[in-house]
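This report refers to the structure that appears directly beneath it.
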Amino acid sequence: MAVIRTAAQYQAQLRSLLPSGPAWDPERVPELEEVLEGIAQELARLDARAADLLNEMDLAGASELVPDWERVMDLPDPCLGLSPLFDDRRLAVRRRLLAVGSQHATYFIDIARSQGYPNATVTELKAPRMGRSRFGAAHFGTWQAQFMWTLNTGGRLLLGRRFGASYWGERFGMNPGSALECLIHRTAPAHTLVHINYD
């Protein structure tokens, strides 16, 4: 972590760097102290901004550079709506930068959890195959069933929509799934058919 120097520390440092002689004596030339104070304030401001830049390099603490990150990463995500909260925008930038993607069910469950569905599960259908099928087993269908799967949301949002944390125009108590559906359908493998089951 970088040490941020104050204006008083810079002023003392500048005073110690002055050459010797009567022309540089603060008692004989009182205006010199005002000049050093002005320079010290600017150096302290630059030092603080440099520390801010170091903090902005890590997306966990980024705030000023979020619009620049969004421009580079083609955000804000249309799946999050027209006016997402600032914390959602920062989280979207972090996810876009660190996202790897996957075709496993756990990847899609994690997407659902990130949207506020903590009890999400995936049900995969299986096509009947000789030697693998058992009489009476559930979740079997036609040959096309091997490309179908269901995301079960497991109930309402974890926090739900509430005053002070909702978007303008959202109804209280509603369970908005448009963002979830957009994210799931966009990242699902192209050869699969996804059904989202809202319990």
Legend entry - Only listed residue being surrounded by 17 or more Cβ atoms within 10 Å (Cβ to Cβ) and in a helix (DSSP H, G or I), chosen from 49, 90, 45, 71: 90
Legend entry - Where a residue in the range 34-60 is closer than 26 Å to residue 18 by Cα and its partner, wherever it lies, is in a loop (DSSP other than H, G, I, E, B) and modelled with pLDDT of 90 or more, with Cβ under 7 Å and at least six apart: 44/5; 44/6; 47/4; 47/5; 48/4
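Checking the conditions here, which among 57, 130, 73 is at pLDDT below 90 and over 18 Å from the mean Cα position of the chain (by Cα)?
Values: 57 fails: over 18 Å from the mean Cα position of the chain (by Cα); 73 fails: over 18 Å from the mean Cα position of the chain (by Cα).
From the options 57, 130, 73, the qualifying one is 130.
Could you run through the range 103-113 and say how many residues are surrounded by fewer than 14 Cβ atoms within 10 Å (Cβ to Cβ) and either closer than 13 Å to residue 179 by Cα or in contact with an Asp or Glu (Cβ under 9 Å, 6 or more places away or on another chain) (or both)? Reasoning before the result, please.
Within the range 103-113, the subset surrounded by fewer than 14 Cβ atoms within 10 Å (Cβ to Cβ) is 103-104, 106, 110.
Then drop every residue that is not either closer than 13 Å to residue 179 by Cα or in contact with an Asp or Glu (Cβ under 9 Å, 6 or more places away or on another chain) (or both), which leaves none.
Of the residues in that region, 0 qualify.
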Inset, instruction - Can you give me the number of residues within the range 23-36 that are out of contact with any helix residue (DSSP H, G or I) (no Cβ under 6 Å at 6 or more places or on another chain) and either part of a helix (DSSP H, G or I) or outside the structural domain of residue 12 (by TED's automatic domain parsing) (or both)? - result: 7
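The values are calculated or read from the model by the stated rules, or taken from the named source; none is laboratory data. Quantities reported herein were computed from a predicted structural model and do not represent experimental measurements. We place every Cβ from the backbone using ideal geometry, glycine too, and count neighbours over all the protein chains shown.
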